[in-house]
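Chemist: Structure incoming, see below.
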Amino acid sequence: MTQLKLLALFAHPDDESMGMGGTLAKYSAEGVETHLVCASRGEVGWFGPEGQYPGPERLGKLREAELRSAVEELRMTSLSFLGYTDGQVDRADPREATGRIVSHIRRIQPQVVVTFPHDGNYGHPDHIAIGQFTNAAIVCAADAAYKDPENLPPHRVSKLYYMVDGEDFVNLIAPFMGDMTFPVDGQLRGESPWKEWMITTRIDMAEHCHAAWRAIQCHKSQLPTLGALAEMHEDAAVAVLAMQGTFFRAFSSVNGGRKVETDIFEGLR
């Protein structure tokens, strides 16, 4: 059987662990190659006392180290960065960003790609941007006429998924999180849960959620964003994480239908 490969593309360190750590740990444990491309090093994501903000360069190095520890906990195969600045991913040159992602897709040759949905889950501009760039890169990576920066041969991705939060999960965590809204361009944005019927794929990864929780704990600088969830006993936190593993199948060339999948590699095994 051809080696199965999963490529996740997200905007910031911690997106992988807090969003789909259990799923990544599950597939890593099964022998699937799990690769991560992160758009930024999270240089402005500081939630400690304002006077203790170490500055973008030092914070970026700290968060990169946290991410490398989390990737090790999840036993992922590789980690790469696109090199954009936190908070400015949506201002990256689209041709340049798309080309960089195409190089990663062609080099890794994944059958499955996972990224953010159209709304970035809760409206973060960086999340929305990396999702858009990834969609464009998948198209370009399959085009033999498209030249990426490394001049690699074309590769056609078989399945694209969006990492999404269902209503049941959001309703569970909302009381612990406090106000989850934030302003962008004069408007409030926040969590936009997906109706349960919209979810195409549910991964049972409960037995791998202890690894996911350890990976989340690696992102010490970001734990304040979890509110009371960060203070939970591990067993309680793991029970919450087990409700993740929900995805929307944006496209597939190997399977379809409305039956809910239990494996993002369905149709490929």
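Chemist: Any chance you could list the semi-axes, whole Å, largest first, of the equivalent ellipsoid that the Cα gyration tensor gives for the stretch 1-106, using √(5λ)?
Modeler: Ellipsoid semi-axes (Å, largest first): 26, 18, 9.
Chemist: Can you list the chymotrypsin sites (Phe, Trp or Tyr not before Pro) in the stretch 61-154 that are in a DSSP coil and have 16 or fewer other beta carbons within 10 angstrom?
Modeler: Sites meeting the loop and neighbour criteria: Tyr146.
Chemist: Okay, moving on. Given q = 0.12, 0.21 Å⁻¹, what are the Debye log10 I(q)/I(0) values for the stretch 68-208, with equal point scatterers placed on the Cα positions and solvent ignored?
Modeler: Computed log10 I(q)/I(0) values: -0.61, -1.39.
Chemist: From the helices alone, meaning DSSP H stretches of at least four residues, give me the mean residue ellipticity at 222 nm for the chain, per-run term -39500 (n - 2.57), in deg cm²/dmol to the nearest 500.
Modeler: Result for the chain, helices only: -11000 deg cm²/dmol.
Chemist: Also, quick follow-up: Give me the mean projected area, in nm² to one decimal, of the convex hull enclosing the Cα positions of the stretch 196-269.
Modeler: 6.3
Chemist: Another question about this same structure. Under the Karplus relation 6.51 cos²θ - 1.76 cosθ + 1.60, θ = phi - 60°, what is the ordered set of whole-Hz ³J(HN,Hα) values for the stretch 166-183, x standing for Gly and Pro?
Modeler: Whole-Hz 3J(HN,Hα) from phi for the stretch 166-183: x, 4, 4, 5, 5, 5, 6, 8, 3, x, 8, 8, x, 5, 9, 9, 7, x.
Chemist: Ok, one more. How would you rank 227-236, 198-207, 214-223, highest first, on the average number of other Cβ atoms within 10 Å across their residues?
Modeler: 214-223, 198-207, 227-236
Chemist: If you don't mind, another one. For the stretch 131-269, report the translational diffusion coefficient in µm²/s to the nearest whole number, using Stokes-Einstein at 20 °C, 1.002 mPa s, and a Kirkwood Rh over Cα pairs. Walk me through the numbers on the way to the answer.
Modeler: On the way: Rh = 17.8 Å.
Estimated via Stokes-Einstein, D reaches 121 µm²/s.
Chemist: Something else now. For the stretch 59-100, what is the convex hull volume of its Cα atoms per residue in Å³? Each step should come with its number before you reach the end.
Modeler: On the way: hull volume 3.3 nm³, N = 42.
Given the Cα convex hull of the stretch 59-100, per-residue volume reads 79 Å³.
Chemist: So which of Lys147/Lys220; Lys159/Lys195; Lys5/Lys61 end up more than 31 Å apart by C-alpha?
Modeler: Lys147/Lys220
Chemist: Given the Cα-Cα distance of Asn171 and Phe47 and 0.36 nm per residue of separation, how much length would full extension add, in nm? Provide the component values of the computation, followed by the final result.
Modeler: Values: separation 124, 0.36 × 124 = 44.64 nm, distance 2.40 nm.
Value of the extension gain: 42.2 nm.
Chemist: Could you give me the radius of gyration and the Dmax of the chain, taking only the C-alpha atoms into account and expressing both in angstrom?
Modeler: Final numbers for Rg and Dmax: 17.7, 55 Å.
Chemist: Find the Cα radius of gyration of the stretch 119-200, compare it with 2.2 N^0.38 Å by division, and give the number to two decimals.
Modeler: 1.46
Throughout, read-outs are computed from the coordinates displayed, never taken from laboratory work. Please read all numbers here as calculations on a predicted model, not as lab measurements. Neighbour counts run over all protein chains shown; Cβ positions are idealised from the backbone, glycine included.
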